[in-house]
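Visitor: One structure, as structure tokens, below. Some questions next.
The values are calculated or read from the model by the stated rules, or taken from the named source; none is laboratory data. Computed from a prediction, not measured in an experiment: that's the story for all the values here. Neighbour counts run over all protein chains shown; Cβ positions are idealised from the backbone, glycine included. These area figures cover heavy atoms from the full protein model, side chains too; ligands, DNA and RNA do not enter into them. Shrake-Rupley method; radii C 1.70, N 1.55, O 1.52, S 1.80 Å.
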Amino acid sequence: MNENYVTLTIGKQKNIALIAHDNKKAELIAWCETNKEILKNHFLCGTGTTARMITDQTGLPVRGYNSGPLGGKIVEGKVDFVIFFSDPLTAQPHDPDVKALLRIAQVYDIPIANNKASADFMIRSEYMNEEYEHEVINFKENIKKRSETL
């Protein structure tokens, strides 16, 4: 085993974050309705307004969080999969938060879809119904090695 990485397992039941910019909320809700039979087998969470709208319009239970802390949920291992319908044509005042979320997902090797097509491909993947092992950077080892070179 390579000490620079640790192996994590995404369980059979995924913890899926559902996020959408304002102009994409209706599209995400429609996508959730279309994929309701798959989504109902997983734990769903999302940003406050989006989570409430999805629950109200589809009946799917979605736990709401403030937008910033979702990145922290990834770091804590509480998010396995992110569906984020972003709006590339409208300037977003919270763009640094979006970039931070994308970066955290990359660092922790978390699947992230940022549009309907990628979400469709991901949710229909064979991995949706099974465990998935992946390697992420061993941060303790990484920090230890960095401190030795200072």
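Visitor: Name the one entry in 50, 7 that is in a helix (DSSP H, G or I) and under 24 Å from residue 108 (Cβ atoms).
Guide: The unique qualifying residue is 50.
Visitor: Another one. So which of 27, 37, 3, 33 is among the charged types (D, E, K, R) and under 30 Å from residue 146 (Cβ atoms)?
Guide: Testing whether each residue is among the charged types (D, E, K, R) and under 30 Å from residue 146 (Cβ atoms) leaves just 3.
Visitor: A follow-up question, please. Filter segment 109-133 down to residues that are open to solvent by 40 Å² or more (accessible area, probe 1.4 Å) and assigned to a strand (DSSP E or B) and give me whichever is nearest to residue 30 (Cα to Cα).
Guide: 112
Visitor: Moving on. Any idea which of (1) open to solvent by 80 Å² or more (accessible area, probe 1.4 Å); (2) touching a residue at least 60 places away in the same chain (Cβ under 8 Å); (3) within 14 Å of the chain's Cα centre (by Cα) is the one residue 103 doesn't satisfy?
Guide: Checking residue 103 against (1) open to solvent by 80 Å² or more (accessible area, probe 1.4 Å); (2) touching a residue at least 60 places away in the same chain (Cβ under 8 Å); (3) within 14 Å of the chain's Cα centre (by Cα), the one that fails is (2).
Visitor: Pairs, please: C-beta under 9 Å, at least 6 apart or cross-chain, first residue more than 11 Å from residue 4 (Cα to Cα) and in segment 127-150, second outside any helix (DSSP H, G or I) and acidic (Asp, Glu)?
Guide: 132/80; 134/109
Visitor: Do we find that residue 73 is out of contact with any Lys or Arg (no Cβ under 6 Å at 6 or more places or on another chain), open to solvent by less than 70 Å² (accessible area, probe 1.4 Å), under 30 Å from residue 141 (Cβ atoms) and among the basic types (Lys, Arg) in this structure?
Guide: yes
Visitor: Could you say which residue among 87, 80 is in contact with a His (Cβ under 7 Å, 6 or more places away or on another chain) and touching a residue at least 12 places away in the same chain (Cβ under 8 Å)?
Guide: Numbers: 80 fails: in contact with a His (Cβ under 7 Å, 6 or more places away or on another chain).
Exactly one of 87, 80 is in contact with a His (Cβ under 7 Å, 6 or more places away or on another chain) and touching a residue at least 12 places away in the same chain (Cβ under 8 Å), namely 87.
Visitor: State all residues of segment 76-95 that are modelled with pLDDT under 90 and either part of a strand (DSSP E or B) or exposed (fewer than 12 other Cβ atoms within 10 Å of the Cβ) (or both); if no residue qualifies, say none.
Guide: Hits for segment 76-95 are 76, 88, 89, 90, 91, 93, 95.
Visitor: Looking only at segment 10-39, which residues are among the polar types (S, T, N, Q) and part of a loop (DSSP other than H, G, I, E, B)?
Guide: 13, 35
Visitor: So, one more: Which of the residues that make up segment 112-132 are more than 23 Å from residue 101 (Cβ to Cβ) and of a type in the set (Asp, Glu)?
Guide: 126, 130, 131
Visitor: Let me ask another. Considering each of 18, 44, 60, 39 in turn, give the residue that is under 17 Å from residue 87 (Cα atoms) and either at pLDDT 95 or above or open to solvent by 50 Å² or more (accessible area, probe 1.4 Å) (or both).
Guide: Checking each option against the conditions leaves just 18.
Visitor: Okay, next question. Does residue 136 fit the bill of being at pLDDT below 90, out of contact with any Pro (no Cβ under 6 Å at 6 or more places or on another chain), outside any helix (DSSP H, G or I) and open to solvent by less than 20 Å² (accessible area, probe 1.4 Å)?
Guide: Spelling it out, residue 136 is indeed at pLDDT below 90, out of contact with any Pro (no Cβ under 6 Å at 6 or more places or on another chain), outside any helix (DSSP H, G or I) and open to solvent by less than 20 Å² (accessible area, probe 1.4 Å).
Visitor: Still on this structure, I have one more. For segment 92-111, check the following and say yes or no: at least one residue is among the hydroxyl-bearing types (Ser, Thr, Tyr) and either farther than 19 Å from residue 134 by Cα or touching a Phe, Trp or Tyr at 6+ places or on another chain (Cβ under 8 Å) (or both).
Guide: No, segment 92-111 contains no residue that is among the hydroxyl-bearing types (Ser, Thr, Tyr) and either farther than 19 Å from residue 134 by Cα or touching a Phe, Trp or Tyr at 6+ places or on another chain (Cβ under 8 Å) (or both).
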